[in-house]
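Structure first, commentary second.
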Amino acid sequence: MLTDREVLSTFEMLKNEHLDVRTVTLGISLFDCASDDLDRFRRNVHDKICRLARHLVATCDEVGVKYGIPIVNKRISVSPIAVAGCPFSASQMVEIAETLDETAREIGIDFIGGFSALVEKGMTTGDRALIDSIPEALTRTERVCASVNVASTHAGINMDAVYLMGQTIKRAAQLTEKADGIACAKLCVFANIPQDVPFMAGAYLGVGEPDAVINVGVSGPGVVKKAIDRARAVNPRLDLGQLSEIIKRTAFKVTRVGELIGRQVALKLGVPFGVVDLSLAPTPNVGDSVGEIFESLGLKSIGMPGSTAVLAMLNDAVKKGGAFASSYVGGLSGAFIPVSEDLRIAEAARSGHLSLEKLEALTSVCSVGLDMVALPGDISAETLAAIMADEMAIGVINKKTTATRLIPVPGKKAGEKAFFGGLLGEATIIHVADNGGSAEFMSLGGRIPAPIQSLVN
């Protein structure tokens, strides 16, 4: 039970510190929709999603009002379409994406994830068709999100798939040139992708998951910042160990809020509750920034020397607090550093405090990776692929999830701004050194073998 004091502090989080349930995501398996007839498959997909999710938005709104806790996004994740729709061609995959988009619009959800493929060890015909369809699919839809897992600690890195994703991202950017390459903001490339991520653009429902399940993403960077500020105001002599304990206790309370909401929504919908993903996911709003936490801990800006140490401490404390609060913590559960979506991180990139190289170093200890990074439009597919390969290597060797959401902005150069709107924000385009210098390496292809850490059976 929470004490009266803890209840009051939670109300303060809700009122003044940007605590919210960032997303309630309903996972839906589409494997029983399988058919080799495209029209029948699309009809099956539409009917099953509508049957299970028709009341998702209304239920989330009802629970949010009951507890006074805003639920910002209502989302759906589905089985990897490359598997569920494996008989179909690339052009037919685009039609499937349109069905997902139309269904999402019909039931009023924000995004639908799962236009996905898992190709860390090789590609099937369905995988290749889906990847080939991604640029057009993401251009012709508004709410569909895609993800491709190209590496894992147990399989190594599929460099052929990495190279193909470099070409795919370039094409997606070109097709949405007038919107600063916005299609790329709906595409994640992963190593070690979890099966239960509720956050977009990486959400999909894994093969080991139930037929339907509720996963919750709770975000509280503003809450963590305010907790640190209050503690340091009372006692300026607090050391990093003591501050880590404060972050851990704050994460505990935030996780309890997320589990309460998730279980209530699951109960009302009649589906199992899955996990709480306690990820400090920022927005472009003042007071809701992971970057501000770095400043509260004494750094002038994220990107300064010491940033990697701060992020490692933050990520660890968040995970410890969440794990103590719930037996069902999953997804990513740590700290995101999406450049365009975080006001202070975007400012650090603009001022030059945060380079691509420093961002890569930070991803070795954060929840995901190079997230919402705007790059010059003339970057080559080979350089894009090489950046992704570096990020995949960090994930594979460290047995952690890493990902990239890279956005080449057509017609723009380093130092100019890209504008994505809404929660996606805006970002200064980051300089890339030696564009084109990785072409020969990427042309080698093949699969980088799994590291010795994979031999744990």
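The values are calculated or read from the model by the stated rules, or taken from the named source; none is laboratory data. Since the structure is predicted, the reported quantities are computational estimates derived from the model, not experimental observations. Every residue, glycine as well, gets a Cβ built from its backbone with ideal geometry; the counts of neighbours run over all protein chains shown. Accessible surface is based on the protein model in full, side chains and every heavy atom, while ligands, DNA and RNA are left aside. Shrake-Rupley method; radii C 1.70, N 1.55, O 1.52, S 1.80 Å.
A quick yes/no check of all residues on (1) over 16 Å from Ile28 (Cα atoms); (2) not aliphatic (A, V, I, L, M):
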position: Ala82; (1), (2): no, no
position: Gly85; (1), (2): no, yes
position: Ser91; (1), (2): yes, yes
position: Lys121; (1), (2): yes, yes
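Would you be able to say whether some residue in the stretch 436-456 is under 29 Å from Phe294 (Cβ atoms), touching a residue at least 12 places away in the same chain (Cβ under 8 Å), assigned to a loop (DSSP other than H, G, I, E, B) and not polar (S, T, N, Q)? Explain how you work it out, then say what you get.
Here is the first cut: in the stretch 436-456, the residues under 29 Å from Phe294 (Cβ atoms) are none.
No, that holds for no residue.
For Ile69, work out the one condition from (1) in contact with a Cys (Cβ under 8 Å, 6 or more places away or on another chain); (2) hydrophobic (A, V, I, L, M, F, W, C); (3) touching a residue at least 60 places away in the same chain (Cβ under 8 Å) it doesn't fulfil.
Failed condition: (1).
Looking at the stretch 120-141, can you tell me whether even one residue there is part of a helix (DSSP H, G or I), in contact with a helix residue (DSSP H, G or I) (Cβ under 8 Å, 6 or more places away or on another chain) and touching a residue at least 60 places away in the same chain (Cβ under 8 Å)?
No, there is no match, as no residue in the stretch 120-141 is part of a helix (DSSP H, G or I), in contact with a helix residue (DSSP H, G or I) (Cβ under 8 Å, 6 or more places away or on another chain) and touching a residue at least 60 places away in the same chain (Cβ under 8 Å).
Please go through the stretch 304-336 and give me each residue that is at pLDDT 90 or above, open to solvent by 10 Å² or more (accessible area, probe 1.4 Å) and over 17 Å from Gly241 (Cβ atoms), ordered by number.
Passing the criteria: Met304, Pro305, Thr308.
Could you count how many residues in the stretch 155-201 are under 11 Å from Pro135 (Cα atoms), of a type in the set (Lys, Arg) and over 21 Å from the mean Cα position of the chain (by Cα)?
Here the count works out to 1.
Name the residues in the stretch 226-260 that are under 20 Å from Pro70 (Cα atoms) and surrounded by fewer than 18 Cβ atoms within 10 Å (Cβ to Cβ), would you?
Selection gives Leu260 alone.
For Val286, state whether it is crowded, with 20+ Cβ neighbours inside 10 Å and at pLDDT below 95. Before you say what the answer is, go through the steps one by one.
Details: crowded, with 20+ Cβ neighbours inside 10 Å: no; at pLDDT below 95: yes.
So Val286 does not fit the description; no.
Among the residues of the stretch 142-168, how many are open to solvent by less than 30 Å² (accessible area, probe 1.4 Å) and either closer than 18 Å to Arg447 by Cβ or part of a loop (DSSP other than H, G, I, E, B) (or both)?
Here is the first cut: in the stretch 142-168, the ones open to solvent by less than 30 Å² (accessible area, probe 1.4 Å) are 144-153, 155-159, 161-162, 164-166, 168.
Checking the rest, the ones that are also either closer than 18 Å to Arg447 by Cβ or part of a loop (DSSP other than H, G, I, E, B) (or both) come to 148-153, 155-159, 161-162, 164-166.
The total comes to 16.
Please find, within the stretch 65-91, the residue that is surrounded by the fewest Cβ atoms within 10 Å (Cβ to Cβ) out of those that are over 24 Å from Phe190 (Cβ atoms) and touching an Asp or Glu at 6+ places or on another chain (Cβ under 9 Å). Explain how you work it out, then say what you get.
Kept after step one, since they are over 24 Å from Phe190 (Cβ atoms), are these residues of the stretch 65-91: 65-71, 87, 89, 91.
This time we only want the ones that are touching an Asp or Glu at 6+ places or on another chain (Cβ under 9 Å), so: 69-71, 87, 89, 91.
Numbers: Ile69: 19, Pro70: 16, Ile71: 23, Pro87: 15, Ser89: 16, Ser91: 12.
For the stretch 65-91, the residue satisfying everything is Ser91.
In the stretch 384-403, what count of residues is obtained for those that are in contact with a helix residue (DSSP H, G or I) (Cβ under 8 Å, 6 or more places away or on another chain), open to solvent by less than 20 Å² (accessible area, probe 1.4 Å) and not in a strand (DSSP E or B)?
Count: 8.
Please state which one of Asp371, Asp288, Asp378, Asp316 is within 16 Å of the chain's Cα centre (by Cα) and in contact (Cβ under 8 Å) with a residue 12 or more places away in the chain. First the steps, then the outcome.
Details: Asp288 fails: within 16 Å of the chain's Cα centre (by Cα); Asp378 fails: within 16 Å of the chain's Cα centre (by Cα); Asp316 fails: within 16 Å of the chain's Cα centre (by Cα).
Just one listed residue meets the conditions, Asp371.
In the set Gly181, Gly206, Gly222, which member is within 30 Å of Ala439 (Cβ to Cβ) and among the small types (Gly, Ala, Ser)?
Numbers: Gly206 fails: within 30 Å of Ala439 (Cβ to Cβ); Gly222 fails: within 30 Å of Ala439 (Cβ to Cβ).
Result: Gly181 is the single residue among Gly181, Gly206, Gly222 that is within 30 Å of Ala439 (Cβ to Cβ) and among the small types (Gly, Ala, Ser).
Can you say whether Ile379 is of a type in the set (A, V, I, L, M, F, W, C), touching a Cys at 6+ places or on another chain (Cβ under 8 Å), modelled with pLDDT of 90 or more and buried (at least 22 other Cβ atoms within 10 Å of the Cβ), as far as the supplied structure shows?
no
For the stretch 337-362, name all the residues that are farther than 15 Å from Pro305 by Cα, assigned to a loop (DSSP other than H, G, I, E, B) and open to solvent by less than 20 Å² (accessible area, probe 1.4 Å).
Ile337, Val339, Ser340, Asp342
If I go through the stretch 170-203 residue by residue, how many of them are on the phi > 0 side of the Ramachandran plot and buried (at least 24 other Cβ atoms within 10 Å of the Cβ)? Please lay out each step first, then the result.
Step one: of the stretch 170-203, the residues on the phi > 0 side of the Ramachandran plot are 180-181, 192.
Filter once more, so that each one left must be buried (at least 24 other Cβ atoms within 10 Å of the Cβ): 180-181.
The qualifying residues number 2.
Return the pair list, or none, for Cβ contacts closer than 8 Å from residues in the stretch 84-95 that are closer than 19 Å to Tyr204 by Cα to residues that are among the aromatic types (Phe, Trp, Tyr) and open to solvent by 30 Å² or more (accessible area, probe 1.4 Å), at least 6 apart or on different chains.
Cβ pairs passing all conditions: Ala84/Phe31.
Does at least one position in the stretch 97-118 carry a residue that is in a helix (DSSP H, G or I), of a type in the set (Ser, Thr, Tyr), under 30 Å from Arg447 (Cα atoms) and touching a residue at least 12 places away in the same chain (Cβ under 8 Å)?
The first filter runs over the stretch 97-118 and keeps only residues in a helix (DSSP H, G or I), leaving 97-107.
Those still in the list that are of a type in the set (Ser, Thr, Tyr) too: 99, 103.
Cutting the leftovers down to under 30 Å from Arg447 (Cα atoms) gives us none.
Checked against the condition, which is being in a helix (DSSP H, G or I), of a type in the set (Ser, Thr, Tyr), under 30 Å from Arg447 (Cα atoms) and touching a residue at least 12 places away in the same chain (Cβ under 8 Å), the stretch 97-118 yields no hits at all.
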